[in-house]
Structures are given as C-alpha cells and as structure tokens.
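A short reminder: the numbers here are calculations on the coordinates, not readings from a lab. This structure is a prediction, so every number in the text was calculated from the model and none was measured. A quick note on method: Cβ atoms are made from the backbone with ideal geometry, for glycine too, and the neighbour counts reach across all protein chains shown.
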Amino acid sequence: MTTATRVPQEERTRLMRARLLSAAVDVLVERGFAGTSTTLVSERAGVSRGAQLHHFPTKNDLVVAAVEHLTRVRGSELEAAAARLPTGPTRTRAVLEMLGDHFTSPIFTAALELWVAARTDEALLAAVGPLEQRVGREVHQLTVQLLGADESRPGVRELIQATLDLVRGLGLAATITDDSKRRRRILDEWAGLLDARLAPTTPGGAR
C-alpha cells in the first residue's frame with residue numbers, strides 16, 4: 001500500500017496564499033478594482049472564504065498584498081531579462097524594450113487599478129503609496145545600472161526619470177488600444193537620444 005506524502009502545514013499555507021494572490025491580480029486585471037471582491041477572489045483561487053478572511057481580512061489587504069507579491073515576482077523576472085541583454089550599440093534599445101514589456105504586463109495593469117482607486121481612498125493610499133515609492137526607486141536604480149548612466153553628471157538623473165515616465169506613459173496608452181507600432185518608433189528615437197546624452201565625456205569635455 002502506498003502512503004500518501006503529507007504536505008507540511010506551512011507549505012500548504014504558502015501555496016494557498018500564493019493562489020489567493022495570483023487570483024486577486026487576475027480579477028483586478030479582468031474586472032478592475034471596483035469589480036473585485038474577496039468572494040470572487042476566493043472562488044477563483046479555490047480557497048474557502050474563511051481561510052481567505054483569516055489571511056486577508058479586507059479587500060484592501062488582499063489586493064495590496066497581491067500587487068506587492070507580483071511586483072517581487074516581476075522584479076525577479078526583470079533581473080533575469082537584464083542578464084540576457086546584449087552589449088554594444090543595440091543595448092540601449094533593448095533596455096527600453098525590456099522596460100516597455102514591464103509597463104505593459106499584467107502587474108502594471110493591476111497596479112494602475114490600485115493607483116486610481118487610491119486617489120479617493122485614504123486607507124488604500126496609505127498602503128499603496130509606500131509600495132509604489134519603493135518600486136519606483138528599484139526600477140530607477142536598475143535602469144541606471146543597465147544604461148551605465150552617471151547620475152553625477154548634470155541632467156542625467158532627470159533624463160533617467162524622463163525615460164521611465166515616457167515608458168510608463170506608453171504602457172498606460174497600451175491599456176486603451178494597441179499602439180505597439182507607434183511605441184516602437186518612439187522608443188527607437190528615444191534610444192538614439194539616450195545614447196547621445198549618456199555617452200561618456202573625455203576630461204576635456206568632448207564626447
């Protein structure tokens with residue numbers, strides 16, 4: 001007779017939380033913040049309402065934890081994608097493409113739903129604000145590293161932030177309609193501008 005392997009309680013709890021968090025992001029993307037409910041999420045995850053409420057007593061608790069969880073996952077994916085980036089003259093454009101993929105991913109759509117809802121919900125804003133600030137700093141630092149940018153030079157920090165604002169804006173536009181062709185043209189031009197502005201200078205000031 002084969003004895004079934006028992007999964008430790010801690011592992012079962014971890015897997016259940018992961019299902020809830022994944023389901024919460026899926027429902028956020030599909031139905032928006034207003035259409036998301038803890039009941040829908042627990043049904044999608046195949047988790048009892050009691051278990052869901054034990055770990056996440058409110059809708060805000062659940063959706064913020066879900067976006068934070070997926071942000072960590074997406075951060076790991078970004079690091080893996082960064083390791084595959086080419087060197088040489090095509091690197092800058094490849095970095096922009098990687099960032100563009102990030103800002104058109106489900107995590108961006110889910111986070112966008114939280115931003116809009118947090119505008120008029122003080123409790124949600126208190127939870128979402130620090131998360132977004134931390135994520136913003138991490139993506140900024142990663143971009144600086146991947147582009148080899150020297151932020152001690154005047155205007156470079158602002159240029160990096162403008163790059164992230166541009167790519168985030170293109171991601172926002174993509175939630176309404178497929179503008180991938182326009183996005184490619186814009187990123188092609190922006191890559192050329194970045195290469196020109198970020199090129200190292202000689203001691204005499206020449207590039």
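In terms of the mean number of neighbouring beta-carbon atoms within 10 Å, the peptides 48-60, 99-111 order highest first as 99-111, 48-60.
Each Cα pair under 8 Å and six or more residues apart adds its separation to the average, and for the stretch 1-134 the resulting relative contact order is 26 percent. Computed from phi, the 3J(HN,Hα) profile of the stretch 184-193 under the Karplus parametrisation 6.51, -1.76, 1.60 (θ = phi - 60°) reads 4, 5, 5, 5, 4, 5, 5, 4, x, 5 Hz, with x in place of Gly and Pro. Taking θ as phi - 60° and the Karplus parameters 6.51, -1.76 and 1.60, the scalar couplings of the stretch 24-31 work out to 4, 5, 4, 5, 4, 5, 6, 10 Hz in sequence order, x denoting glycine and proline. If R0 is 35 Å, the Cβ-Cβ spacing of E189 and E122 corresponds to a FRET efficiency of close to 0.30. Please say if the stretch 9-198 is rounded, prolate or oblate, where rounded means a/c under 1.5 for a ≥ b ≥ c the square roots of the C-alpha gyration tensor eigenvalues, and otherwise the choice is prolate for a/b larger than b/c and oblate otherwise? Verdict is prolate for the stretch 9-198. Build a GNM of the chain with springs between Cα atoms under 10 Å apart, and of D61, D188, D178 the one that fluctuates most is D178.
Mean residue ellipticity, 222 nm, helices only, the chain: the sum of -39500 (n - 2.57) across DSSP H runs of n ≥ 4, divided by residue count and rounded to 500, is -24500 deg cm²/dmol.
Amide H contacts for L85 (H built 1.01 Å from N in the peptide plane; partners 5 or more residues away or on another chain; cut-off under 5 Å): none found. Scalar couplings 3J(HN,Hα) for the stretch 63-72, obtained by applying the Karplus form with A = 6.51, B = -1.76, C = 1.60 to θ = phi - 60°, are 6, 5, 4, 5, 5, 5, 4, 5, 5, 5 Hz; x denotes Gly and Pro.
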